[in-house]
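The next block holds one structure in the form of structure tokens; read it before the comments.
The values are calculated or read from the model by the stated rules, or taken from the named source; none is laboratory data. This structure is a prediction, so every number in the text was calculated from the model and none was measured. Glycine gets a Cβ as well: all are built from the backbone with ideal geometry, and neighbour counts include every protein chain shown.
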Amino acid sequence: MAHNTSKPSNNKQSIDNLKTSGFERRLSIAKTSLNIGRRWAGNSMSGIFLDKNTRAKRNQAFMEAQANYVVEELGKLKGSVVKIGQMLALYGEHVLPPEITSALQTLNDDTATLSWPKIEQTLRHTLKDKLNELKVDPVPIGTASLAQVHRATVIATGEEVVLKIQYPGVAEAIDSDLALFKRLLKVSNVVPQTRALDAWFEEIRDLLHHEVDYKIEAATTERFYERLKDDPRYVVPKINRTYSSKRLLCMTFESGVPVTSDALQTLPHERRNAIGQAAIEIMMQEIFVWGEMQTDPNFGNYLVRISDDENELDKLVLLDFGAIRQFDENLLMIAHNLLRAGYHHDHKAMMNSMTGYEFFETMSGKVRSDIASLFLLATEPFSDPDSNPDIPSDCLDEQQRYIWANSKLHSRISASATKAVQSFEFNLPPKEFMFISRKFIGAYTFLTVIDAHTDSARLVKPYL
């Protein structure tokens, strides 16, 4: 969740109360379920006499309308319901119908802000008299589904900090929200109820409970701070433990511009290349050195601090360490082997590296070969240009660096994935792979947006 230097516009609706009590949320969702049930029955009845094609078309349109209605109702609730929807949109492509995924993708963090008196009451409850030591700006600089961010000054020292304030009742509502969400999907008939779906809900429950515990996030932020404090390319906020607790996070205010800012687009190309290289290098360290990764690919989790002096490095500001996943040795070994096979663009080595998960073991030879080709395509930016004749000629610059903006990699991977998936009894990929691939898609997009060229040898050689 970005804390940017610019003030937000004040035209966002402000609300005095969140529906965080179990009763209100159940009522809200029960009403939604009832309406859906009614609509569903109506649609089935009125479709009896239509031919098969017309009925299929009409059912799809109905499904889209249903999905949009569900999402609109959920958006009014804030809290973990919104987050659950977002996570399902991110990771649910293989479990959910496309109509649902695309509707869920519209669930937006940037909803109404909780009014200042309510936030102040929450702060007073958490900090007691310590609140008097802070001067807090009542206008938030960021809102999300689980928390709101306000700038503040520590009166005694003049230090500028930000407070990430969790909405009251949000953490306690997670389990009931998940149950409600599952019920909603059941009633709306939009999703086949499978074991895979249950497994995903368990995973989301686990992630959410992690994400609302700011003591865990504070410790993670401190780990990343220590790891990166001597690398001039990165800035990690410093946690202020005096004003932090399980539901409140206080850290240094770090200035920067959003990834999508015009100021970034107008930087000289080599400086943008350096920012892109830094963004992808940290991802490699997360997977291959530290074994833990910030899995949320949202652009809002980064800012860029542009240097006034062109001889000094621009810095990548890393903001949010809530959605962290730790990976075990087994996964890291497999990932290493996949990366090595990708770097050398070796199809046989790629097939041999695909092991250690039921997902791989149940594939036939043909499917295994198709999936290996898919992985080779996905690792194209990390491959040695001398070993990979398949890199399109307009994707390398004169220094043999990879040009992300020309690669259309995401759409090429999607097309290839669709083909691979159709060719076998699809099993859900291991969730760790889903997290990593999501993060990579976020990075692909980031590097494309800033039009970065990256050097694959520099990225991959340290990990071979």
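Observations on the structure shown:
- Looking across the range 118-145, just one residue is buried (at least 16 other Cβ atoms within 10 Å of the Cβ), part of a loop (DSSP other than H, G, I, E, B) and in contact with a helix residue (DSSP H, G or I) (Cβ under 6 Å, 6 or more places away or on another chain), and that is 145.
- For the range 395-410, taking the residues that are at pLDDT below 95 and assigned to a helix (DSSP H, G or I), the one that is nearest to the chain's Cα centre (by Cα) is identified as 410.
- Single match in 274, 279 (criterion: surrounded by fewer than 19 Cβ atoms within 10 Å (Cβ to Cβ) and of a type outside the set (D, E, K, R)): 274
- Pairs are defined by a Cβ separation below 7 Å, a sequence spacing of at least 6 or placement on different chains, a first member in the range 348-375 that is in contact (Cβ under 8 Å) with a residue 60 or more places away in the chain, and a second member that is in a helix (DSSP H, G or I); the pairs so defined are 363/371.
- Scanning the range 236-266 for residues that are touching a residue at least 60 places away in the same chain (Cβ under 8 Å), part of a helix (DSSP H, G or I) and closer than 30 Å to residue 133 by Cβ yields 242, 243.
- All of 256, 291 fail the test of being touching a strand residue (DSSP E or B) at 6+ places or on another chain (Cβ under 9 Å), within 17 Å of residue 324 (Cβ to Cβ) and not assigned by TED's automatic domain parsing to the domain that holds residue 332, apart from 291.
- Residue within the range 344-365 that is closer than 21 Å to residue 435 by Cα and touching a strand residue (DSSP E or B) at 6+ places or on another chain (Cβ under 7 Å) present: no
One line per residue, one yes/no per condition, for (1) crowded, with 18+ Cβ neighbours inside 10 Å; (2) acidic (Asp, Glu); (3) closer than 30 Å to residue 169 by Cα:
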residue	(1), (2), (3)
222	no, yes, yes
229	no, no, no
232	no, no, no
256	yes, no, no
294	yes, no, yes
303	yes, no, yes
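- So residue 355, is it part of a helix (DSSP H, G or I) and among the β-branched types (Val, Ile, Thr): no
- Residues that are at pLDDT below 85, in contact with a strand residue (DSSP E or B) (Cβ under 8 Å, 6 or more places away or on another chain) and within 23 Å of residue 303 (Cβ to Cβ), drawn from the range 436-460: 439
- If the condition is being of a type in the set (A, V, I, L, M, F, W, C) and at pLDDT below 70, then the range 81-99 contributes 90, 95, 96.
- If you go through the range 324-336 and pick out every residue that is out of contact with any helix residue (DSSP H, G or I) (no Cβ under 6 Å at 6 or more places or on another chain) and either crowded, with 20+ Cβ neighbours inside 10 Å or free of Cβ contacts under 8 Å to residues at least 60 places away in the same chain (or both), you end up with 7.
- Restricting attention to the range 383-405, the residues that are out of contact with any strand residue (DSSP E or B) (no Cβ under 7 Å at 6 or more places or on another chain), more than 18 Å from residue 350 (Cβ to Cβ) and aliphatic (A, V, I, L, M) total 1.
- Test: residue in the range 208-223 that is hydroxyl-bearing (Ser, Thr, Tyr) and over 23 Å from the mean Cα position of the chain (by Cα): no
- Residues that are under 13 Å from residue 431 (Cβ atoms) and modelled with pLDDT under 75, drawn from the range 166-199: 196, 197
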